[in-house]
Amino acid sequence: MDYFPVFFDLEAQRVLIVGGGEVALRKVSLLERTGADITLVAPEIHPDLMARAAQGKLKLAIREFEPDDLRGARLVIVATAHRAVNRWIANQSDARGIPVNVVDDREASRFIVPAIIDRDPVLVAISTGGTSPVLARRLRERLEAVVPKKIGAFALWLRALRKSARRRLRDVDTRRRFFEAVVDGAAERRFVAGDLPGAQRIAQALLAEAATGPRAPGEVTLVGAGPGDPELLTLKALRALQDADVILHDRLVSDAVLDLSRRDATRISVGKSAGSIGSTQEQINQLLIEHACAGKRVVRLKGGDPFIFGRGGEELEALAQAQINFSVVPGITAAAGCAAYAGIPLTHRDHAHSVTFVTGHADKDGKEPDWRALAQPGMTAVFYMGLARTEYIVAKLIEHGAPADLPAGLVAQGTLPDQRVITATLATIMVVAGQARLESPALLIVGRVVALQPSLAWFNSGSSAEFFQTA
């Protein structure tokens, strides 16, 4: 983040505005609502500012700025018409450790003023880091339509409800779940619709249930994080992340996905890379059970889909045996997501009538996949985690009847900004992969559909897709 988002409490605090035109007027109009003690310095003053000063809403100094004007100021906004003067004042403020905003000068400012949606006491601040005020304004307009007008009054009602909740619900987790039930359920809908008595009845019933009922049991939600792009998360996955107390995540789950979780949730990395030790499956199962038994809402976050080479079934078996409540939120599996972003349709009426997902790792019992079936024409084979064993996979396919000129592709870092796509044939894929120096995670896709990639590539196609003409 270029800026750390904060909200200042300016009640009775001295705020200095330098400049007396329409821009200064807009800033004063906003600051007046905070209860700030506003002083404005400028040699020429807008008539509306003069009127407000006459009403006692601000203090005026009708003259040029002097450094002593900064004495006692907690915040400074500079809005004169002279860039050099603005920057001089900004430097003076900076030297005294006073946060300063220079209107329309991001580089000279120590803070910026966001576009806001005002539902006092609920404020939604929107910032583009000073790059595009117009974009911030347009985003605010869109959000204005979806944030209920009564949400501020609802927040004040919740504040009053907190007193009785604190008195009757001593446990922090129980209180959190009670308020989630109020905010997410019928009580909020009744309040926004104007039915305050109905909202009150529902909230009191929920409070009585939380106070007298048994402590809510822990639970585990197995969540598919998708192939990498955080925008491929499902809405249900996002809700699970927001509600989770504890998140156990794999190595391949990106920071961008984890950042969508609740800020105070405990994050535990249990993944491992190829050849490393990491957490054993037994240790992961035990962690899930321990946190759920402690009454926590646990999310087991896996890349792709948890039921496709994600050992989700094994973890649910352990939870079922321990009598832990669980649910599953499927995700976009790596084969579907990466192939789509690479421009490789896994099935096609003219090229492939079936698709098979195969793990690229060796089976723990030494069992081999049905290579003859995978080598059959008219199908697509997708090998997960197959980069390290590409040479072996290619040799087996050719040995069991696949033609050497069968198209093959590797997709590395699929769906992410640094995605790379390599296409060749079974005969040349190893040479091509060596030249490209691909890194895991990567998928190997084999089948006639791969030949469509050069014409169907759409994601990062101008910079990171690499096509090697087959011989």
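Computed from the coordinates by the stated procedures, all read-outs in this text should not be read as laboratory data. These figures come from a predicted structure and were not determined experimentally. Using ideal geometry, Cβ is built from the backbone for each residue, glycine included, and neighbour counts are taken over all protein chains shown.
Pairing residues of segment 392-416 that are surrounded by fewer than 17 Cβ atoms within 10 Å (Cβ to Cβ) with residues that are among the β-branched types (Val, Ile, Thr), at Cβ distances under 8 Å and at least 6 apart in sequence or on separate chains, gives 404/398; 404/425; 405/425; 405/470. Residue 131 meets each of the listed conditions (1) more than 20 Å from residue 22 (Cβ to Cβ); (2) of a type in the set (S, T, N, Q); (3) touching a Phe, Trp or Tyr at 6+ places or on another chain (Cβ under 6 Å) apart from (3).
Can you find a residue that is more than 24 Å from residue 82 (Cβ to Cβ) and under 33 Å from the mean Cα position of the chain (by Cα) anywhere in segment 15-30? The answer is no; no qualifying residue exists. The helices (runs of 4 or more DSSP H) found entirely in segment 1-96 that carry 1 or more residues being in contact (Cβ under 8 Å) with a residue 40 or more places away in the chain and basic (Lys, Arg) are 22-32. Among the residues of segment 297-325, those that are farther than 23 Å from residue 382 by Cα and surrounded by fewer than 18 Cβ atoms within 10 Å (Cβ to Cβ) comprise 317, 320, 321, 322, 323, 325. When restricted to residues that are under 27 Å from residue 121 (Cα atoms) and not hydroxyl-bearing (Ser, Thr, Tyr), segment 23-47 contains 15. Take the residues of segment 88-117 that are among the β-branched types (Val, Ile, Thr) and within 16 Å of residue 132 (Cα to Cα): which is surrounded by the fewest Cβ atoms within 10 Å (Cβ to Cβ)? It comes out as 116. For segment 369-426, the tally of residues that are part of a strand (DSSP E or B) and under 22 Å from residue 305 (Cβ atoms) stands at 11. Restricting segment 143-176 to residues that are assigned to a helix (DSSP H, G or I) and of a type in the set (Asp, Glu), the residue that is farthest from residue 295 (Cα to Cα) is 144.
Of the helices (runs of 4 or more DSSP H) entirely within segment 228-334, those holding at least 2 residues that are farther than 23 Å from residue 184 by Cα occupy 255-258, 281-293, 312-321. For segment 164-194, a residue qualifies if it is of a type outside the set (Gly, Ala, Ser) and closer than 20 Å to residue 265 by Cβ, and the qualifying residues are 171, 172, 173, 174, 175, 176, 177, 178, 179, 180, 183, 184.
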